[in-house]
């Protein structure tokens, strides 16, 4: 259990970075979970609500930027967001939590069965990471390969190119449950991109012809073999849908 002794709500990123100088400090987003560094106790939590990171806006290059503190329900309700992304955000959490949970809070832990993260991977989303000494932008796929975030790094936005067509295919125990496996395919000018949730330690991008090479972890919801079979079926279904 995380033992939290102090709560801070900075009014600027500079103030947030000053607070993050403490080795026991960790950032929270919507407050539904605490994304502390692996192996560390977060005795001080830093709430980013007051930093203006809750916007959805078009950039000059046409990409859609979503601030890290944007609530999932705001994504669900925004017509600028592609329908598949909106649907995946709706499935990420029950309605009571969607009003609190943030997109940054979903990206940081990279939960392996997240349909929202798989959908963002299919759209080749980029993540802006801010440090005290500046900002950088990397693909979501690269970020997943280097998680957890280093102490002092803050996710400030996620951006995606909203063009193309996409389709999400999923299997879950019930329609309201998180997916056992989900496949999201996107077609942009004839180039197909496929992402899967529920088949690795994080959602992953895979080659359409290589789903049979997956070795998913098994759990009480599905064995490795079952997840592998689902990945093949759902991938074919999603890819076929974006070819129509």
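When the residues of segment 118-167 are narrowed to those that are without any contact (Cβ under 8 Å) to a residue 24 or more places away in the chain and assigned to a loop (DSSP other than H, G, I, E, B), which ends up surrounded by the fewest Cβ atoms within 10 Å (Cβ to Cβ)? Working first, answer last.
The first filter runs over segment 118-167 and keeps only residues without any contact (Cβ under 8 Å) to a residue 24 or more places away in the chain, leaving 133-139, 142, 145-146, 150.
Next, only the ones that are assigned to a loop (DSSP other than H, G, I, E, B) stay: 133, 150.
Values: 133: 8, 150: 10.
Residue satisfying both the conditions and the ranking: 133.
Filter segment 34-56 for residues that are modelled with pLDDT of 60 or more and either in a loop (DSSP other than H, G, I, E, B) or over 18 Å from residue 68 (Cβ atoms) (or both) and give the result.
To start, the set of residues in segment 34-56 that are modelled with pLDDT of 60 or more comprises 43-56.
Hits for segment 34-56 are 43, 44, 48, 52, 53, 54, 55.
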Item checked: Scan of segment 200-215 for residues that are assigned to a loop (DSSP other than H, G, I, E, B) and either farther than 13 Å from residue 229 by Cα or in contact (Cβ under 8 Å) with a residue 60 or more places away in the chain (or both), ordered by number -> 200, 201, 202, 203, 207
Item checked: Per-region count, segment 50-67, residues within 13 Å of residue 160 (Cα to Cα) and either outside the structural domain of residue 103 (by TED's automatic domain parsing) or touching a strand residue (DSSP E or B) at 6+ places or on another chain (Cβ under 7 Å) (or both) -> 9
Next item on the list: Have a look at 195, 209 and point out the one that is assigned by TED's automatic domain parsing to the domain that holds residue 233, out of contact with any strand residue (DSSP E or B) (no Cβ under 8 Å at 6 or more places or on another chain) and farther than 27 Å from residue 96 by Cα.
Entry: 209
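The values are calculated or read from the model by the stated rules, or taken from the named source; none is laboratory data. Owing to the predicted nature of the structure, the values given are computational and were not obtained by experimental measurement. In this analysis, Cβ positions are derived from the backbone assuming ideal geometry, glycine residues included, and neighbour counts consider all displayed protein chains.
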